[in-house]
């Protein structure tokens, strides 16, 4: 049965929420399913437009990964109130696969290995699934998620994959390897960037892409992100450290603490964090530095939803 996607009703002052070019997050509250008494996100308000790079910085337990997972529909988290609008659609009413097909992409902090599945086969299947319309028509002969009924043809896919691997400076042999099996930390993150290049999302959420990388791997991954920046792509870049922002220049920097965005600014805000740490900014927001330490760290290695 075909699901009809209904656009939410907006007030007169919220017309921009129907824009095709922005992801709008309003008063988002999220709890972990395992402990619904502990609210992790306590009212997130954020708008990410295509062509913009937004960096979210925060200490462990501030809610950064929870935000990424909640946006993609991770089953370990429950949205208790608020809304997320994308292309005029209530994103929170979509299943994780439909969120991905709508143009939202999540690069994981801890990518999962899939022994026996080659990178090339994985990416071709993912691309076909991404191409399937949210409102699937009634034509039984057309389904892009099926390689025999509209999916990308093998010669066309091979050409596309070679182009994207060249863009990211990946050797052709990379495509024949099993997904993340035996990969170094840098290789895992480069595969995330290759998925992003092949799937061509409109909003990319990069969850601590710099985690576990040495300086050389960080530079290579950052170059992979920069090579894909364009006016049709908005990026939500989640990171602990300012060092990643030396390579990927954000338009806006947000500080997340105690489940809320407590400060926003330009790149100078990230430089200030590097020089002063989080304590002064938290104090300006009326938060004691010790309060942030009381937050239980998020389950960063929880099972990840599919892209």
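Calculate the length of the line joining the C-alpha centroid of segment 105-138 to that of segment 228-290, in whole Å.
30
Does segment 157-249 come out rounded, prolate or oblate by the C-alpha gyration tensor, with a ≥ b ≥ c the root eigenvalues, rounded set by a/c under 1.5 and, if not, prolate when a/b is larger than b/c and oblate if not?
Details: a/c = 1.89, a/b = 1.21, b/c = 1.56.
The shape class here is oblate.
Order these by the 10 Å Cβ neighbour count, fewest first: 105, 157.
157, 105
Where a ≥ b ≥ c are the square roots of the eigenvalues of the C-alpha gyration tensor, would you call segment 190-290 rounded, which needs a/c under 1.5, or, failing that, prolate if a/b is larger than b/c, or oblate?
On the way: a/c = 2.32, a/b = 1.82, b/c = 1.27.
Verdict is prolate for segment 190-290.
What is the distance in Å between the Cα centroid of segment 74-94 and that of segment 54-69?
With segment 74-94 and segment 54-69 each reduced to a Cα centre, they are spaced 17 Å.
So between residue 223 and residue 125, what do we pick up on full extension, going 0.36 nm a residue minus the alpha carbon distance? Mind showing how you got there, number by number?
Values: separation 98, 0.36 × 98 = 35.28 nm, distance 2.57 nm.
Working it through step by step, the gained length comes to 32.7 nm.
Taking 0.36 nm per intervening residue step and subtracting the Cα-Cα distance, what contour gain separates residue 117 from residue 173 on full extension? Spell out each step's value before the answer.
Working: separation 56, 0.36 × 56 = 20.16 nm, distance 1.42 nm.
Stretched out fully, the residue 117 to residue 173 stretch lengthens by 18.7 nm.
What list do you get for 243, 38 if you sort them by fewest beta carbons within 10 Å? Present the calculation step by step, with values, prior to reporting the outcome.
Working: 243 15, 38 11.
Listed from fewest to most nearby Cβ atoms, that is 38, 243.
Take residue 275 and residue 249, extend 7 Å from each Cα along the Cα→Cβ direction, and tell me the distance between the two endpoints in nm.
2.0
Within 10 Å, count the other beta carbons around each residue, average over each peptide in 269-275, 47-53, 220-226, 64-70, and list them highest first.
Details: 269-275: 17.0, 47-53: 18.7, 220-226: 20.6, 64-70: 26.0.
Highest mean packing first, the order is 64-70, 220-226, 47-53, 269-275.
Each value in this text was obtained by applying a stated rule to the coordinates, not by laboratory testing. Values in this document were obtained by computation on a predicted structure and should not be read as measured data. Methodologically, a virtual Cβ is constructed for each residue, glycine included, from the backbone with ideal geometry; neighbour enumeration extends over all protein chains shown.
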